[in-house]
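The values are calculated or read from the model by the stated rules, or taken from the named source; none is laboratory data. These figures come from a predicted structure and were not determined experimentally. Every residue, glycine among them, receives a Cβ derived from its backbone with ideal geometry; neighbour counts consider all protein chains shown. Just so you know, the surface numbers come from the protein's heavy atoms only, side chains and all, with ligands and any DNA or RNA stripped out. Shrake-Rupley method; radii C 1.70, N 1.55, O 1.52, S 1.80 Å.
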Amino acid sequence: MEQLTRVLLTLHVAAGSLALLAAFFAITFRKGARKHNFAGKTYFWSMMAVAATAIPVSILRPNLMLFFVAIFSSYMAYAGWRFGRKSRYIMARQPYVEWAMLVVGIAMIFSGLVEVFTGSPMGWVLVAFGAIGLQFAVQDLRGWGKAEDFGTRISNHLSHMLGGTIATITAVLVQQVVPRLDPSNPLKVLVWLAPTLVITPLIVIWAGKVRTTQKVRLFSS
């Protein structure tokens, strides 16, 4: 069983690294260009692989944080992919995935608060990610089945995709930095939340500009 866990962890790290590279190139290439689409597909499937390997690892080595973050990041990648493809924007199915994320978001907040009240400040990380996931799930459910203009659709695409990227960057920092900190060091929480605190304002600014100008480039004139 330990050998299986190591194999899954290796695949998990490889998929996460590929997702980060793909995210960088997807942001760099022009929206709609073949290179952007290829990078986006690579990012999407890499994120699915990240979740597919993280969830069994979180069960084999019980880790509630890893389990919830894997679901959160895969949902963000999936929803971002759906918003990015006009043909997939209005879907015939019922929003089961979106309702599932809403339930998971509530569960993350509840679990995080339980940890906080039992003396673990890392619970605030679950509360933060849970609140973000819940907010996106509610937003996606409210907009389900509604046709929206290009700017709104693409701003949702950006917000979800970059939200998933935040989760991936966070995972890298947790793997590389947190183990080097003392278990009681309060900076552990800051390491977890730093990507969210730094990147979220940029997402809000960029998505807002896309929504109002109908242009994708952040610095376009």
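Some observations on this one:
- None of Ala77, Ala22, Ala15, Ala70 is assigned to a helix (DSSP H, G or I), without any contact (Cβ under 8 Å) to a residue 24 or more places away in the chain and among the small types (Gly, Ala, Ser) except Ala70.
- Subset of region 25-36 that is touching a helix residue (DSSP H, G or I) at 6+ places or on another chain (Cβ under 9 Å) and in a helix (DSSP H, G or I) - its residue that is most open to solvent (accessible area, probe 1.4 Å): Lys35
- Checked against (1) more than 15 Å from the chain's Cα centre (by Cα); (2) within 21 Å of Ser155 (Cα to Cα), Val57 passes all but a single condition, namely (2).
- Comparison of Leu4, Leu18 shows that the only residue that is more than 19 Å from Val104 (Cβ to Cβ), open to solvent by 20 Å² or more (accessible area, probe 1.4 Å) and modelled with pLDDT under 90 is Leu4.
- Those residues of region 98-107 which are more than 16 Å from Met65 (Cβ to Cβ) and open to solvent by less than 60 Å² (accessible area, probe 1.4 Å), in sequence order: Glu98, Ala100, Met101, Leu102
- The residue list Phe44, Phe110 contains one member that is without any contact (Cβ under 8 Å) to a residue 60 or more places away in the chain, open to solvent by 30 Å² or more (accessible area, probe 1.4 Å) and not charged (D, E, K, R), which is Phe110.
- Single match in Leu113, Leu66 (criterion: within 13 Å of the chain's Cα centre (by Cα) and either farther than 29 Å from Leu21 by Cβ or modelled with pLDDT under 90 (or both)): Leu66
- Per the listing Trp144, Trp124, Trp99, the residue uniquely touching a residue at least 24 places away in the same chain (Cβ under 8 Å), more than 26 Å from Leu197 (Cβ to Cβ), touching a helix residue (DSSP H, G or I) at 6+ places or on another chain (Cβ under 8 Å) and part of a helix (DSSP H, G or I) is Trp99.
- The number of residues in region 171-185 being assigned to a helix (DSSP H, G or I) and surrounded by fewer than 23 Cβ atoms within 10 Å (Cβ to Cβ) comes to 8.
- For region 120-154, the set of residues classified as farther than 24 Å from Gly208 by Cα and open to solvent by 60 Å² or more (accessible area, probe 1.4 Å) consists of Pro121, Trp124, listed by residue number.
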